[in-house]
1. What do you reckon, is Arg54 within 30 Å of Gln129 (Cα to Cα) and without any contact (Cβ under 8 Å) to a residue 24 or more places away in the chain?
2. Out of Arg55, Arg101, Arg93, I need the residue that is over 30 Å from Gly137 (Cα atoms), assigned to a helix (DSSP H, G or I) and either at pLDDT below 90 or aromatic (Phe, Trp, Tyr) (or both). Which one?
3. Identify, by number, the condition in (1) surrounded by 12 or more Cβ atoms within 10 Å (Cβ to Cβ); (2) over 29 Å from the mean Cα position of the chain (by Cα); (3) of a type in the set (D, E, K, R); (4) modelled with pLDDT of 80 or more that Arg77 doesn't meet.
4. What residue, among those in the range 104-127 that are at pLDDT 75 or above and surrounded by fewer than 14 Cβ atoms within 10 Å (Cβ to Cβ), is nearest to the chain's Cα centre (by Cα)?
5. Which residue, of Leu23, Leu63, is modelled with pLDDT under 85, surrounded by 10 or more Cβ atoms within 10 Å (Cβ to Cβ) and aliphatic (A, V, I, L, M)?
Amino acid sequence: MVNNTVAQVQTFELRSEVHSDDLANKFRQQVLRSGEECKIVQEQTATLKQILKRRADEMQEKLSKVTQRLEQISTRRALDIEGCLSELGTFFRKMKTIEERVARAEPKVGKDDILSDVRNLKKEIKKFQQEVSRERGSEQKP
């Protein structure tokens, strides 16, 4: 009976060892699979980081170009408005000179008509000059 019990204990121990070995092998395989999956995820993450960094750099470059272009356009527009105001001022002075010459010349016919036309034109120019000045002022606010 002791031999039987010893044999049963040894058989049980062998089965336990085999079962333990099987479990250990299963755990090793799971750990290896998890490690491989982890490596794959890390590679994907690294690839995505590179793609995102490249896109962010491209967007930053585009933003810089657009900002620079906007500054150039704003400067050009301000210079155009300044030139327009200067030309209006010159034209206004010429109109005043012409008005004075017409007033001195005293033509026999239609003196009042010519003077009123010149004065009306002068008023229209002044209105236009004010509109351009307002446009320039509203441009400089932002």
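1. Numbers: within 30 Å of Gln129 (Cα to Cα): no; without any contact (Cβ under 8 Å) to a residue 24 or more places away in the chain: yes.
The answer is no for Arg54.
2. Every option except Arg101 fails the conditions.
3. The failed condition is (2).
4. As a first pass, look at the range 104-127 and keep what is at pLDDT 75 or above: 116-127.
Retained after the next criterion (residues that are surrounded by fewer than 14 Cβ atoms within 10 Å (Cβ to Cβ)): 116-117, 119-120, 123-124, 126-127.
Working: Ser116: 53, Asp117: 51, Arg119: 49, Asn120: 47, Lys123: 44, Glu124: 41, Lys126: 40, Lys127: 38 Å.
Restricting to residues being at pLDDT 75 or above and surrounded by fewer than 14 Cβ atoms within 10 Å (Cβ to Cβ), the top hit is Lys127.
5. Leu23
The values are calculated or read from the model by the stated rules, or taken from the named source; none is laboratory data. All values derive from a computational prediction rather than experimental measurement. Quick reminder, even Gly has a Cβ in these numbers, built from the backbone with ideal geometry, and neighbours come from all protein chains shown.
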